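Engineer: My structure is below; once you've seen it, I'll send some questions.
Just so you know, all these numbers are worked out from the coordinates, no wet-lab data involved. Predicted model, so just to flag it, every value in this text is computed and none were measured. Cβ atoms come from the backbone with ideal geometry, glycine included; neighbour counts cover every protein chain shown.
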Amino acid sequence: MSEQILSCCFTGYRPQKFPFPLDITNEKYIDFENRLTAKIAELIKCGCLTFYTGMAMGFDIIAAECVLTLAKAMDNYAIRLICAIPFPEQAKSFPDDWKARYNNILRDADQTVLISDGYYRNCYSKRNRFMVENSDFVLTWFDGSKGGTKNTIEYAKSIQRKVINLYTECYNDRGYNK
């Protein structure tokens with residue numbers, strides 16, 4: 001009998017909603033990225049091998065980069081990264097540095113799923129539901145603010161997905177409040 005392969009999706013904030021700059025010279029950012037990487041590694045060790053990213057600037061892209069880095073470091077070809085793209089022009093307005101990161105992830109990902117042929121009001125929500133419905137875990141950075149992340153977490157809880165909140169861990173350990 002084979003073990004079940006578990007899956008996880010990411011949901012979290014854009015750069016401007018973080019309580020610290022997303023800059024590799026910032027101590028809080030370094031701690032955040034290390035905790036994120038460690039949590040993903042922990043999930044991998046527990047049999048979670050498929051990861052979904054919505055490819056938004058901020059948490060989604062950083063988490064996807066962590067998955068790709070861990071897959072390479074662990075030399076584990078069973079780890080899969082799936083990019084859930086809400087519409088084809090998602091990254092059109094991204095700043096150049098985020099656009100480059102976005103394109104590098106798309107190049108290295110195992111699969112890309114296009115949710116909609118074009119932008120419409122609820123395409124991000126549809127993407128988030130797709131990811132949650134295909135995941136056992138939801139890994140997030142969430143401080144309780146209203147918005148898409150809150151809606152995604154509420155949906156995940158309503159369909160009995162396990163939510164892991166890095167913000168709560170960081171806030172409790174290090175005082176990462178806004």
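Engineer: Could you list all residues from segment 111-150 that are surrounded by 15 or more Cβ atoms within 10 Å (Cβ to Cβ), more than 13 Å from the chain's Cα centre (by Cα) and closer than 24 Å to ASN34 by Cα?
Structural biologist: Passing the criteria: ASP136, ASP143, LYS150.
Engineer: I would also like to ask the following. In contact (Cβ under 8 Å) with a residue 40 or more places away in the chain and either surrounded by fewer than 16 Cβ atoms within 10 Å (Cβ to Cβ) or hydroxyl-bearing (Ser, Thr, Tyr) (or both): does that describe THR37? Spell out the reasoning first.
Structural biologist: Working: in contact (Cβ under 8 Å) with a residue 40 or more places away in the chain: no; either surrounded by fewer than 16 Cβ atoms within 10 Å (Cβ to Cβ) or hydroxyl-bearing (Ser, Thr, Tyr) (or both): yes.
Criteria not met by THR37.
Engineer: Does ALA73 satisfy the criteria of being closer than 18 Å to LYS39 by Cβ and exposed (fewer than 12 other Cβ atoms within 10 Å of the Cβ)? If you could, list the steps in order and put the result at the bottom.
Structural biologist: Numbers: closer than 18 Å to LYS39 by Cβ: yes; exposed (fewer than 12 other Cβ atoms within 10 Å of the Cβ): yes.
Answer is yes for this residue.
Engineer: Please give the strands (runs of 3 or more DSSP E) falling wholly within segment 72-171 in which 2 or more residues are in contact (Cβ under 8 Å) with a residue 60 or more places away in the chain.
Structural biologist: 137-140
Engineer: A further question follows. Which numbered condition trips up MET57, out of (1) touching a Pro at 6+ places or on another chain (Cβ under 7 Å); (2) closer than 16 Å to VAL163 by Cα?
Structural biologist: Only one criterion is unmet by MET57, namely (2).
Engineer: Identify the residue in segment 24-65 that is in a helix (DSSP H, G or I) and in contact with an Asp or Glu (Cβ under 7 Å, 6 or more places away or on another chain) and, among all such residues, is farthest from LEU139 (Cα to Cα).
Structural biologist: We begin by selecting, within segment 24-65, every residue in a helix (DSSP H, G or I); these are 27-45, 59-65.
Subsequent filtering for residues that are in contact with an Asp or Glu (Cβ under 7 Å, 6 or more places away or on another chain) retains 29, 35, 62.
On the way: TYR29: 17, ARG35: 12, ILE62: 12 Å.
Taking the candidates together, the pick is TYR29.
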